[in-house]
Amino acid sequence: MKTIIRLFVAAGIGVLGIAVFIYSGVFNIAADDPHWSITFKLLNTVRDRSVAAHSDAAGQPDLNIETSIRLGAGNYDAMCTGCHLRPGMEESEMSRGLYPKPPQWREFDMLDSSKAFWIVKHGIKMSGMPAGGKIMDDEHIWNIVAFVRKLPELTPAAYEGLVASSSGHKHDREG
């Protein structure tokens, strides 16, 4: 019986300690103040495990279709370059102020396609990554994924050529 009482007291003290921590405001949420090392590692682990648990390769189309790559180029150029940049682009005003730093276009080949699709569709809380599924259907999201698969190998001129040959920024759900 004493053990149970001690466990409840310890749990109560723990909850009280967490409440004091939260309400004290000691944890700085400013984007220009990096997370504590343990917080950063914990948040990255939560993000990575969540994406892995929720993404699914089922229904993945062929990502090597030139039309899909071209269509994805127009949407990527319009919606993604402010944060993720493009070949030949230096950091933008917005990308310099983001924390955590979003991956740049050079890093996109490190993430498998089903995970990239899930991230573009659902976004990532408290990171600045919006949920594209709120404005695009799956086909348009897969087009962006097809394009970002090619992006690390593109020169600035090749990038501009793909964007120019795209139909621009089009992704409405109706057509």
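The values are calculated or read from the model by the stated rules, or taken from the named source; none is laboratory data. Note that this is a predicted model, so its numbers are computed, not measured. To get the accessible areas, we keep the full protein, side chains included, count just its heavy atoms, and leave off ligands, DNA and RNA. Shrake-Rupley method; radii C 1.70, N 1.55, O 1.52, S 1.80 Å.
If I histogram all Cα-Cα distances within region 1-87 using bins 5 Å wide from 0, what percent of pairs lands in each bin?
Final binned percentages: 2, 9, 8, 10, 14, 15, 10, 9, 6, 5, 5, 4, 2, 1.
On a 0 to 90 degree scale, rounded to 10, what angle separates helix 138-150 from the longest Cα axis of the chain?
The helix 138-150 is inclined about 80 degrees to the chain.
Hey, what did region 115-175 get for relative contact order, percent, Cα under 8 Å, at least 6 apart?
That works out to 30 percent.
With just the Cα atoms defining each centre, how far is region 31-72 from region 93-120? Give it in Å.
If we compute the Cα centre of each part, the gap is 7 Å.
Sort 21, 27 by heavy-atom solvent-accessible area, probe 1.4 angstrom, most to least.
Accessible-area ranking of 21, 27, largest first: 21, 27.
Taking the C-alpha atoms of the chain, how large are the radius of gyration and the largest Cα-Cα span, Dmax, in Å?
When restricted to the Cα atoms of the chain, Rg and Dmax are 20.9, 74 Å.
Under a straight-distance cross-link criterion of Cα-Cα below 27 Å, which lysines are reachable from residue 121, leaving out those fewer than 8 residues away in the same chain?
Within reach: 41, 101, 134, 150, 170.
Quick one: Debye curve from the alpha-carbon atoms of region 55-119 only, equal weights, vacuum; give me log10 I(q)/I(0) at q = 0.21, 0.23, 0.29 Å⁻¹ to two decimals.
Results for region 55-119 at q = 0.21, 0.23, 0.29 Å⁻¹ read -1.01, -1.14, -1.35.
Let me test this: with uniform point scatterers at the alpha carbons of region 76-175, what is the Debye-based log₁₀ I(q)/I(0) at q = 0.13, 0.20 1/Å?
Relative scattering, expressed as log10 I(q)/I(0), comes to -0.44, -1.11.
What number, rounded to the nearest 500 deg cm²/dmol, is the helix-based mean residue ellipticity at 222 nm of the chain, given -39500 (n - 2.57) per DSSP H run of at least four residues and division by all its residues?
-17000 deg cm²/dmol
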